[in-house]
Structures are given as C-alpha cells and as structure tokens.
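One structure is given here, and the rest of the page talks about it.
The values are calculated or read from the model by the stated rules, or taken from the named source; none is laboratory data. Since we're looking at a predicted model, the values are computed, not measured. Counting neighbours? That spans all protein chains shown, and the Cβs are built from the backbone with ideal geometry, glycine included. Accessible surface areas use protein heavy atoms only, side chains included; no ligands, DNA or RNA. Shrake-Rupley method; radii C 1.70, N 1.55, O 1.52, S 1.80 Å.
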Amino acid sequence: MVIFKKVAYIQQYISAQRVGGRQVGFVPTMGALHDGHISLVGQAKQAADMVVSSIFVNPTQFNDKADFEKYPISVEADVAMLIDAGCDVLLLPSVDEMYPNGTADMPVFDFGYLDTVLEGAKRPGHFKGVGQIVARLLDIVKPDKLFMGQKDYQQCMVVKNLLQQLGSNTDMIICPTQREPDGLAMSSRNRRLTTPQRALAGVIYQCLVSIKTKQTEGNFALVHKECADLMAAKGFEVEYISLADADDLTILDNYNANRPMVALIAAKLGDIRLIDNMLLQ
Ligand code: PAF
C-alpha cells in the first residue's frame, strides 16, 4: 500500500494508475478502523481495479468539540488493517493539506430537508462539514465508485444528494452495516464504551428488530413507547427512535406498507452517542 500525505502527490499517482481505464474505488474514513470499514475495502476490491482509502478526522463535521477531541485515533493499527485488506493507496493528510485556505471560502452545500431532521436536527452543522470534506476528497481522488456504510443512513442520503449537486459521475455503493455478535453496529465510537456500557449497547439493535418485527401489528406509537421505556430503563438517553420513508426520510407517524420504511435510532450511553438503523422490508 502506498501512503500519501500530500494531495498533489496522490493526485499524480492516481492519474498515472488510471491508464487503460482502470476503475478507482474509494473508501473515505476517519480512521479508528473496524471490520465495517474493512468490509467496505473488501467490496471496493471486488468492484474496482484499485482501492484508495483516506483517513482524516475532519474537524468541521464535529458539532461537539469534546466528541472531536475524544475521537479515537489508531493510525498504526489502521494502516496494518488496510494493508491486510489489500487496500492499494491511502491518503493520510493534515488539516492544512485538506483546507489549505481555511474553510471560509469552501463551497457550502444546501441539503434542504435532509439537514433539518434526525441527525441534521440533533447535530447542527454536521452535514455541512460532511459535504465540505466529501466534496474535497472526491475532487482529489475522482473515484469511479464510492463505498459508504449503511450505518450512517442519513449521511449516505446526504452524499448521494451531494453527488447530484456536483453533477458527479461517481457511483455510490451503500454497503450493509457490520454487527457485533449481540447486534451492536460496528462503529469507531464503540471502543469508548466502558465494559458495562458495552454490555447494554446491543439494546439498540434489539429495538430496531422489534420495530421491524412488529410492523405487522401496525402500531408504531406502541412499539416506540416500549423501545423508549426499555432504553431509558437501561440507562440510555434517547435522542430519537423514528420511522421514516427510506427514500426521502419523511418522518412517518405509523407504519405504512405502501412506502419503503427505515427505522432509525440515536441514543447516548454516558457521553457516547450511538446511531443505528434498519430497513423494514
Ligand atoms: O463516515 C465517516 O467516517 C465520515 O463522515 C466521512 C464520510 C469519512 C467524512 O469525513
């Protein structure tokens, strides 16, 4: 695996490698890699001729300063995992390299409704930062295919919207969430959970399964209450337990068999914020 810290050098390298129509697959990350990321690299390897990944903890997408400061960093282990997974190229830039002129003059993308609900409402400015950095990374790597995890469902929708706004030809491939044996969605933030918190964290998945299973009963308000009560009893601070249209994220009050549906949960255990989702069909 070739590692680049400088944008100009990785750009030269990728364009030289692209000869003969070789397809570039891209897996952007913020590091602290786990098997979820590695599965994205695996899928990129199957679908593209060359896999590029990036590790950059993007400061502009953290609405909570403490979350940024405590974001886990494990570059050496990450590099080893990427090599094992067969990643070909890694971009490991500094903040100055990504934002050489600061962020004031960077383009600001408007994600409309998507930025006003769920994560958009709970994390003001988050998707603005995601839009900025993903646009910058796409401009550097110019991938044929972009691989992102379904765990960040709303982020996937935002990035799809970004690709449209940019008039990009990059195909986005959304890959299934990887889970621990108790169902907990793999996430870099999981490693900040204490042992007792970790033992409880699988409850989010149990609630998603219960929302999915009980759709036949047709009473989301009841299932919502059961899940909210269970999570509160286990010590979660619930931010939302929501049902939405899977295509446009319209919030649904009740199950609607005529619409594609996704259940989404965000909750805190101590100061660790966890999110997860499940498609209902
Ligand atoms: O999902 C992430 O890890 C980040 O939001 C991303 C897409 C790499 C942008 O910083």
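For segment 184-191, indicate whether the set of residues that are touching a residue at least 12 places away in the same chain (Cβ under 8 Å), crowded, with 16+ Cβ neighbours inside 10 Å and in contact with a Leu (Cβ under 6 Å, 6 or more places away or on another chain) is non-empty. Looking for residues that are touching a residue at least 12 places away in the same chain (Cβ under 8 Å), crowded, with 16+ Cβ neighbours inside 10 Å and in contact with a Leu (Cβ under 6 Å, 6 or more places away or on another chain), one finds none in segment 184-191, hence no. The criterion of at least 1 residues that are aliphatic (A, V, I, L, M) and in contact with a Pro (Cβ under 7 Å, 6 or more places away or on another chain) is met by the following helices (runs of 4 or more DSSP H) wholly inside segment 52-126: 95-98. Taking (1) surrounded by fewer than 19 Cβ atoms within 10 Å (Cβ to Cβ); (2) within 16 Å of the ligand (Cβ to nearest atom); (3) in a helix (DSSP H, G or I) in turn, G36 satisfies each apart from (1).
Based on this model, can you work out whether M172 counts as touching a residue at least 12 places away in the same chain (Cβ under 8 Å), surrounded by 18 or more Cβ atoms within 10 Å (Cβ to Cβ), at negative phi and away from the ligand (no atom under 11 Å from the Cβ)? For M172, the condition - touching a residue at least 12 places away in the same chain (Cβ under 8 Å), surrounded by 18 or more Cβ atoms within 10 Å (Cβ to Cβ), at negative phi and away from the ligand (no atom under 11 Å from the Cβ) - is not met.
Listed here are the residues, each with its yes/no results for (1) among the β-branched types (V, I, T); (2) under 28 Å from K70 (Cβ atoms); (3) part of a helix (DSSP H, G or I).
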| site | (1), (2), (3) |
| --- | --- |
| V158 | yes, yes, yes |
| N161 | no, no, yes |
| Q164 | no, no, yes |
| S168 | no, no, no |
| I173 | yes, no, no |
| D182 | no, yes, no |
| N190 | no, yes, yes |
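I133 passes every criterion in (1) outside any helix (DSSP H, G or I); (2) out of contact with any Phe, Trp or Tyr (no Cβ under 6 Å at 6 or more places or on another chain); (3) touching a residue at least 24 places away in the same chain (Cβ under 8 Å) apart from (1). Comparison of I14, I38, I73, I10 shows that the only residue that is within 18 Å of the chain's Cα centre (by Cα) and over 15 Å from R189 (Cβ atoms) is I38. When F68, F111 are checked against the criterion of being touching a residue at least 40 places away in the same chain (Cβ under 8 Å) and of a type in the set (F, W, Y), F111 stands alone in meeting it.
I need the full set of residues from segment 126-161 which are more than 10 Å from the ligand (Cβ to nearest atom), in contact with an Asp or Glu (Cβ under 8 Å, 6 or more places away or on another chain) and open to solvent by less than 10 Å² (accessible area, probe 1.4 Å), in order please. Correct list: Q154 only. Here Y99, Y113 are screened, and the one residue that is surrounded by fewer than 15 Cβ atoms within 10 Å (Cβ to Cβ) and among the hydroxyl-bearing types (S, T, Y) is Y113. Looking across segment 233-274 at every residue that is assigned to a strand (DSSP E or B) and without any contact (Cβ under 8 Å) to a residue 60 or more places away in the chain, the one that is surrounded by the most Cβ atoms within 10 Å (Cβ to Cβ) is identified as A263. In this entry, I55 is excluded by the filter for residues that are within 15 Å of the ligand (Cβ to nearest atom), open to solvent by 60 Å² or more (accessible area, probe 1.4 Å) and within 23 Å of K5 (Cβ to Cβ).
Filtering segment 1-32 to residues that are closer than 22 Å to A77 by Cβ, open to solvent by 60 Å² or more (accessible area, probe 1.4 Å) and assigned to a loop (DSSP other than H, G, I, E, B) leaves M1, K5. Annotation for segment 175-185: no member residue is basic (K, R), modelled with pLDDT of 95 or more and near the ligand (Cβ under 10 Å from one of its atoms). Annotation: K225 fulfils all but one of (1) open to solvent by 50 Å² or more (accessible area, probe 1.4 Å); (2) in a strand (DSSP E or B); the unmet one is (2). Please specify each residue of segment 86-115 satisfying the condition of being closer than 17 Å to K128 by Cβ and among the small types (G, A, S). G102, A104, G112 - these are the residues of segment 86-115 that are closer than 17 Å to K128 by Cβ and among the small types (G, A, S).
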